[in-house]
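A short write-up of the structure that comes next.
The values are calculated or read from the model by the stated rules, or taken from the named source; none is laboratory data. All values reported here derive from a predicted model rather than from experimental measurement. Note: ideal-geometry Cβ built from the backbone for every residue, glycine included; neighbour counts use all protein chains shown. Calculation scope for accessible area: heavy atoms of the full protein, side chains included, ligands and nucleic acids excluded. Shrake-Rupley method; radii C 1.70, N 1.55, O 1.52, S 1.80 Å.
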Amino acid sequence: MIVKTHDAIHTPLGSGEPIVIVGSGVVGLYLAKLLSEQGHHVVVVEVGNTKLALIEKSFTSVGRNHNGIHNGRSQSLGGTSNLWGGQLVEFKPSDIDGGDGSFHQGWPISYEEVARHYKTTFQRLGIPEKFQQDEHVWKSVAGKVPAIGGDIQIFLTRWLSVPKLAVLYKNAIRYSSNLQILVNHQVCGFCGADGIITGVHVQTPQGKQEVIAAATVVVVAGAIETNRLLLAAAVDKSWECPWRNNRMLGRYFQDHLAGKVGIIHPINRKSLNFLFGTIYSQGMKFQPKIRLSDARLESTQLPKTLGAIQFESSISENLNYLKQFLKAAIYSRKINNIKDLLKHAAACARHLPRLAMAYLRYHRIFSPNHSTVMLMIQTEQVPLADSKITIDPNKVDSAGVPYAVLDWRIDGCELQSIREFLLAVRDTLLSSGIGRLEIDPRILAEDPSFLASLRDANHAAGGCIMGRTPKDGVVDGDLKVFGTKNLFVAGTAVFPSSSDANVAFTAMALATRLAERLATYSDLQTTCCV
Ligand SMILES: Cc1cc2nc3c(=O)[nH]c(=O)nc-3n(C[C@H](O)[C@H](O)[C@H](O)COP(=O)(O)OP(=O)(O)OC[C@H]3O[C@@H](n4cnc5c(N)ncnc54)[C@H](O)[C@@H]3O)c2cc1C
């Protein structure tokens with residue numbers, strides 16, 4: 001249920017203080033629904049409203065340019081799920097376990113422990129078990145699993161059919177009696193003593209400060225805002241902040257490096273389309289992507305890179321326009337420029353028979369023979385202590401919370417990873433007779449200036465990383481903030497390293513695990529009401 005004032009929050013019969021979740025984004029809303037279905041009394045506090053809005057200016061960026069901090073976040077019910085594609089990608093074992101000689105030493109929890117929760121998370125998001133297996137998807141649409149050989153492997157990513165979580169969960173939001181979402185209220189601090197958090201301070205839309213009592217608090221406000229909130233609380237002299245002296249807070253900020261790196265000149269266009277065209281089956285979308293083979297990865301010990309192939313043509317442009325239009329119509333956003341709509345629809349209508357044939361027979365989007373085939377990459381960065389978020393005490397927002405200052409830094413060795421990856425892709429595509437990859441010459445020349453042309457991938461992570469002790473992390477393996485008994489952080493902020501895979505699915509799997517772990521903190525539990 002959506003509530004607009006603190007007074008409207010009710011306590012279900014038999015319940016104690018609620019679990020308060022700060023932020024109703026991808027991970028926050030997912031966790032809130034899960035906990036409420038387990039019978040907990042859950043109150044989500046969301047600074048945004050029910051209408052789509054970008055983030056209010058409350059930050060500066062002083063390091064490497066980071067676009068995502070400006071326009072890669074949404075401050076509204078559903079958070080950034082209002083902007084994302086909903087692509088779900090699993091991490092690999094070495095992303096979490098690290099390894100001998102690797103640039104990261106591993107997370108305090110094992111890959112196995114995270115992977116155990118991938119399955120439940122897929123199920124909770126409505127991805128049937130059979131579609132969790134690449135082999136099954138390939139066999140159902142093509143009758144066989146493609147083998148390309150060489151040093152690269154093809155894997156599939158899965159896309160949510162309804163990416164906006166506020167839409168996906170609309171029934172729970174409307175009807176659940178023990179899930180309440182207080183919108184338009186900004187959490188700006190915490191109260192409590194001796195490591196026990198008893199509530200959060202919120203700023204109302206009228207500018208008043210109120211306290212919402214809590215049995216347990218989970219902060220899941222997106223990586224940047226989570227760090228800002230914890231950093232602001234640490235310098236607030238009005239209370240004894242348990243993490244005040246944690247030197248790790250704000251450190252190891254990470255994102256992926258993304259961009260176009262080459263053009264593929266097809267030798268066998270049919271194979272290229274078959275291997276890399278986006279797959280549609282039974283209402284679900286799957287995208288084939290490429291990585292180095294496990295054996296080749298093990299021998300490099302570099303950050304990882306993954307690639308995706310993009311077929312660019314006037315038809316893909318027309319289809320994209322129509323897709324955006326349909327989304328706007330479905331989610332009742334403002335629709336303008338009907339003239340453009342008709343132009344794009346007419347262009348698609350011309351290709352309708354071929355579009356229908358590709359879709360119905362091959363489960364693919366038709367891509368014409370003249371389309372340009374681009375290779376895009378997404379590269380993991382080496383986590384660096386000096387890549388960090390701090391706060392600026394001289395600049396505060398309307399609730400008096402200091403601005404975040406982002407100093408995003410990268411190591412530079414990521415260029416080697418990109419080069420290694422592209423050479424392997426080039427050799428494999430050529431030896432299998434599929435295409436010739438023309439690589440950006442700056443990469444071949446190992447020209448470091450190439451890295452400046454890559455952008456972030458809207459995959460902000462780190463700052464409140466998991467560690468074994470407060471000396472190497474802000475939260476422990478249970479995501480509990482060191483020094484506290486009942487304050488947890490969820491979301492990508494806790495990642496000590498962030499793979500080359502899109503980050504949200506692993507953050508959701510950690511939220512599934514957190515819901516399980518919260519049950520073991522018996523002294524903190526709210527009374528279940530169902
Ligand atoms: C265009 C785009 C495409 C993307 N595509 C993908 C993809 O396909 N796959 C993928 O894995 N990732 C993708 N991402 C990244 C993904 O969206 C984020 O990793 C994910 O949203 C993080 O989830 P979150 O819940 O931590 O934060 P968010 O979804 O950003 O939600 C945070 C919420 O907290 C609220 N909030 C913040 N501060 C406060 C406060 N003080 N008090 C109360 N509320 C607060 C915000 O208003 C917001 O609603 C994409 C991002 C973008 C921008």
Whenever you get a sec, line up LYS144, LYS395, LYS270 from highest to lowest accessible area (probe 1.4 Å, protein heavy atoms). LYS270, LYS144, LYS395
Karplus-derived 3J(HN,Hα) from phi for the range 483-489 (6.51 cos²θ - 1.76 cosθ + 1.60, θ = phi - 60°), whole Hz, x at Gly and Pro, runs x, 10, 9, 8, 10, 10, 10
Per residue of the chain, what 222 nm ellipticity follows from adding -39500 (n - 2.57) for every DSSP H run with n ≥ 4, rounded to the nearest 500? -9000 deg cm²/dmol
Taking R0 as 22 Å and r as the Cβ-Cβ distance between GLN123 and THR520, the FRET efficiency 1/(1 + (r/R0)^6), rounded to the nearest 0.05, comes to 0.50
So, relative contact order of the range 52-151 in percent, Cα under 8 Å, 6 or more apart, is 13 percent
Given Cβ point charges of +1 (Lys, Arg) and -1 (Asp, Glu) and nothing else, what value in debye, to the nearest 20, does the dipole of the range 101-245 about its Cα centre take? 560 debye
By the C-alpha gyration tensor axes a ≥ b ≥ c (rounded if a/c is under 1.5, else prolate when a/b exceeds b/c, else oblate), the shape of the range 194-239 is rounded
Against the longest alpha carbon principal axis of the chain, how many degrees, from 0 to 90 and to the nearest 10, is the axis of helix 26-37 turned? 60 degrees
Evaluate the distance, in nm, between pseudo-label points positioned 7 Å from the Cα of ARG116 and of ARG409 along their respective Cα→Cβ axes. 3.7 nm
Just to make sure I understand: if all protein chains stay in place, what is the order of TYR30, TYR280 by accessible area at 1.4 Å, largest first? TYR280, TYR30
From the square roots a ≥ b ≥ c of the eigenvalues of the alpha-carbon gyration tensor of the range 90-176, which class results: rounded (a/c under 1.5), prolate (a/b over b/c), or oblate? oblate
In the neighborhood of GLU240, defined by Cβ-to-Cβ distances under 15 Å, what is the net charge if each Lys or Arg adds +1 and each Asp or Glu adds -1? +1
Using only Cα atoms, tell me the angle between helix 111-124 and the longest principal axis of the chain; keep it within 0 to 90° and round to the nearest 10. 90 degrees
Measure nothing fancy, just the Cα-based angle from helix 338-350's long axis to the longest principal axis of the chain, in degrees from 0 to 90, nearest 10. 40 degrees
The range 98-175 and the range 387-423: distance between their alpha carbon centers, rounded to Å: 27 Å
Potential lengthening between GLN416 and MET376 on full extension [0.36 nm per residue; Cα-Cα distance subtracted]: 12.8 nm
Say a paramagnetic label sat at a point 7 Å from the Cα of GLU240, along Cα to Cβ; which residues of the range 188-209 have their backbone N under 18 Å from it? 190-199
Counting only DSSP beta bridges with both residues in the chain, tell me the antiparallel percent, nearest 5. 75 percent
In whole Hz and in residue order, list the ³J(HN,Hα) couplings for the range 58-67 that follow from phi through the Karplus curve 6.51 cos²θ - 1.76 cosθ + 1.60, θ = phi - 60°; x for Gly and Pro. 8, 7, 10, 10, 10, x, 4, 4, 10, 5
From highest to lowest solvent-accessible area (probe 1.4 Å; ligands, DNA and RNA excluded), TRP408, TRP159 read TRP159, TRP408
Ignoring ligands, DNA and RNA, what percent of the accessible area of the chain is carbon or sulfur (1.4 Å)? 52 percent
In the range 387-404, whose amide N lies under 19 Å from the spot 7 Å out along Cα-to-Cβ of GLU56? List them in ranges. 391-404
Working out 0.36 nm times the residue gap between ALA345 and SER161, then minus their Cα-Cα distance, what length gain in nm do you get to one decimal? 64.0 nm
With r defined as the distance between the Cβ atoms of ALA213 and ILE267 and R0 fixed at 56 Å, what FRET efficiency is calculated, to the nearest 0.05? 0.25
Under the rule a/c < 1.5 gives rounded, and otherwise a/b versus b/c splits prolate from oblate, where does the range 23-170 land using the Cα gyration tensor? prolate
With a 1.4 Å probe and all protein chains kept in place, how much accessible area does CYS188 have, in Å² rounded to the nearest 10? 20 Å²
So what is Rg over Rh here for the chain, counting just Cα atoms and using Kirkwood for Rh? 0.97
Nitroxide proxy distance, nm - points 7 Å out along Cα→Cβ at ASN394 and ARG436: 5.7 nm
Over the chain, relative contact order from alpha-carbon pairs under 8 Å, at least 6 apart, %: 26 percent
Report the GluC sites (Glu not before Pro) located in the range 4-113 that are in a DSSP loop and have at most 13 other Cβ atoms inside 10 Å of their Cβ, or state none. GLU56
Treating only the Cβ atoms of Lys and Arg (+1) and Asp and Glu (-1) as charged, compute the dipole magnitude of the chain about its Cα centre; round to the nearest 20 debye. 2040 debye
Looking at the range 404-487, what % of the alpha carbon pairs are farther apart than 19 Å? 61 percent
Accessible surface, per residue, of the chain when the full set of protein chains is kept, probe 1.4 Å, Å²: 42 Å²
Residue separation times 0.36 nm, minus the C-alpha to C-alpha distance between ALA356 and LEU384: what's the value? 5.2 nm
